[in-house]
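**Student:** First the structure, then my questions, so here it is.
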Amino acid sequence: MATIIDGKKIAAEVRAELKEKTEKMVAETKRRPALAVILVGEDPASQVYVRNKAKACEEIGIASEVVTLAADITQEMLEFIIKSYAARVDIDGILVQMPLPKGLDGEKALACIPAEKDVDAFHPENVGHIMRGDYRFLPCTPAGVMELLHRYGISPAGKKCVVIGRSDIVGKPMAMMLLHENGTVEICHSKTPNLAEETRTADILVAAVGRPKFVTADMVKEGAVVIDVGINRDENGKLCGDVDFENVEPKASFITPVPGGVGPMTVAMLMQNTFTAAENNMSTNRG
Ligand code: NAD
């Protein structure tokens, strides 16, 4: 039977630690870290994500400004608004909730966020830092995974790590972070032949595919650590991950559930990045 990795509990611990650090920062500097969250349109999932981010800010003591814009806003106006937040010295971090409604160019919108306020770590400069391992901002979801591994005493060093998925926001930075901690890393994707043969070699298996119950028990080595990044709906509309939890769990040594695994960690890491942005901003602007 596997140890169930409790992401909800660890995320609460991270938030509590950040709350303490934020209170100290406010006492010392008389200034609160501040995050601007830009939401365009009325996508229900995006609304939930934005609400969770604002709630986490409130709990920690980070000031948040949620900017809600109509789905039919022009690209020019959206960019103008992002740039106006970029110019504000009292705003430490900016994020634009993705995906944007049809007709808007997400890449161009993100390019308006300066690297030093890019708390999602999507800016090419920050991606370069991730590649080199000298992180300015942590890529939120992979950093959440690493935090879970650390706090459960699991080291990637010397282990075979297999990541399924090669997206810019999860798969690639995840592989980099495991590599920086001396894992032997393999990235699998939709064009990988004989996927199960590859995944069965993993001591640490990370699934970031976006397909319900995609990782089945026959794809997992006995005793593997299984991390499920996926957020999907099953055939009954119930939230589920990329891993067939029920059948994989008996084979794994550690496993993350969905919900309550990686999900809550992503927001906690975003809060960590906002705190870092505030520290950097204050040291830059206060001499
Ligand atoms: P994506 O669609 O950008 O990437 C999916 C990856 O899976 C691709 O690289 C693709 O090559 C790979 N893939 C698809 N089909 C495959 C197959 N048959 N075999 C092997 N590989 C295959 O998705 P993403 O943004 O990386 O997100 C992945 C999942 O993680 C989604 O369910 C998403 O909702 C979830 N997610 C969760 C969090 C969180 O906070 N927990 C954050 C981001 C994404």
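Read-outs throughout are calculated quantities, based only on the coordinates presented, and are distinct from any laboratory measurement. None of the values given here were measured: they were computed from a predicted structure. Methodologically, a virtual Cβ is constructed for each residue, glycine included, from the backbone with ideal geometry; neighbour enumeration extends over all protein chains shown.
**Student:** If I stretch the segment between TYR152 and VAL66 completely, what's the gain in nm (0.36 nm per residue apart, minus their alpha carbon distance), one decimal?
**Tutor:** Here the answer is 27.5 nm.
**Student:** For segment 152-267, what is the percent of antiparallel DSSP beta bridges, rounded to the nearest 5?
**Tutor:** Just about 10 percent of them are antiparallel.
**Student:** Using just the alpha carbons, could you tell me how many Å³ per residue the convex hull of the chain encloses?
**Tutor:** Roughly 132 Å³ of hull volume per residue.
**Student:** Could you sort out which of LYS53/LYS251; LYS21/LYS53; LYS19/LYS53; LYS117/LYS213; LYS9/LYS53; LYS9/LYS213 sit more than 26 Å apart by Cα distance in this structure?
**Tutor:** Among LYS53/LYS251; LYS21/LYS53; LYS19/LYS53; LYS117/LYS213; LYS9/LYS53; LYS9/LYS213, the Cα-Cα distance tops 26 Å for LYS53/LYS251; LYS117/LYS213.
**Student:** Taking the Cα centre of the chain as origin, sum charge times position over the Cβ atoms of Lys and Arg (+1) and Asp and Glu (-1), and report the length of that vector in debye to the nearest 20.
**Tutor:** That gives the chain a dipole magnitude of about 380 debye.
**Student:** Sticking with this one: List the aspartates and glutamates whose Cα sits under 18 Å from the Cα of LYS83, skipping any in the same chain fewer than 8 residues away.
**Tutor:** GLU65, ASP92, ASP105, GLU107, GLU116, ASP118, ASP120, GLU125
**Student:** Let me test this: with uniform point scatterers at the alpha carbons of segment 187-287, what is the Debye-based log₁₀ I(q)/I(0) at q = 0.10, 0.15 1/Å?
**Tutor:** -0.37, -0.65
**Student:** From the residues VAL14, ILE154, ILE231, which one has its Cα farthest along the dipole of the chain in the positive direction, the dipole being from +1 and -1 charges on Cβ of Lys/Arg and Asp/Glu about the Cα centre?
**Tutor:** VAL14
**Student:** Right, next: Just need the relative contact order of the chain here, percent rounded to a whole number, with Cα pairs under 8 Å and 6+ apart.
**Tutor:** 22 percent.
**Student:** May I ask for the net charge around LYS108, where only other residues with Cβ less than 13 Å from the Cβ of LYS108 are counted and Lys, Arg are +1 while Asp, Glu are -1?
**Tutor:** -3
**Student:** Mean separation of Cα pairs under 8 Å and 6+ residues apart, divided by the residue count of segment 15-98: what relative contact order is that in percent?
**Tutor:** This gives 42 percent for segment 15-98.
**Student:** Can you give the Rg/Rh ratio of segment 54-206, where Rg is from the C-alpha atoms and Rh is the Kirkwood radius?
**Tutor:** 1.04
**Student:** Going toward the positive end of the dipole of segment 160-216, with +1 on Lys and Arg Cβ and -1 on Asp and Glu Cβ, which of ILE204, SER167, MET177 do you reach last?
**Tutor:** So the residue furthest toward the plus end is SER167.
**Student:** With angles folded into 0 to 90 degrees, how steeply does helix 7-29 sit against the dominant principal axis of the chain? Use alpha carbons for both and round to 10.
**Tutor:** So the inclination is approximately 30 degrees.
**Student:** On each of the three principal axes of the Cα atoms of segment 125-210, give max minus min coordinate, whole Å, ordered largest first.
**Tutor:** Sorted from largest, the Cα extents of segment 125-210 read 37, 28, 20 Å.
**Student:** Along the Cα-to-C-beta direction of GLN75, a point sits 7 Å from the Cα; which residues of segment 27-62 have their amide N less than 12 Å from that point?
**Tutor:** none
**Student:** Please state the charge dipole magnitude for segment 153-281, taken about the Cα centre, from unit charges on C-beta atoms (+1 on K and R, -1 on D and E), reported in debye and rounded to the nearest 20.
**Tutor:** 180
**Student:** Run through segment 178-260 and list the trypsin sites (Lys or Arg not before Pro) located in a DSSP loop whose Cβ has at most 14 other Cβ atoms within 10 Å.
**Tutor:** LYS191, LYS238
**Student:** Rounded to the nearest 20 debye, what is the charge dipole size of segment 130-212 about its Cα centre when +1 sits on each Lys and Arg Cβ and -1 on each Asp and Glu Cβ?
**Tutor:** About 120 debye.
**Student:** A further question on this structure: How much length is gained on full extension from THR3 to LYS191, taking 0.36 nm per residue of separation minus their Cα-Cα distance?
**Tutor:** Stretched out fully, the THR3 to LYS191 stretch lengthens by 64.5 nm.
**Student:** What GluC sites (Glu not before Pro) in segment 1-108 are in a loop by DSSP, with at most 15 other Cβ atoms within 10 Å of the Cβ?
**Tutor:** GLU42
**Student:** For segment 227-246 and segment 139-174, what is the separation of their C-alpha centers, rounded to whole Å?
**Tutor:** 19
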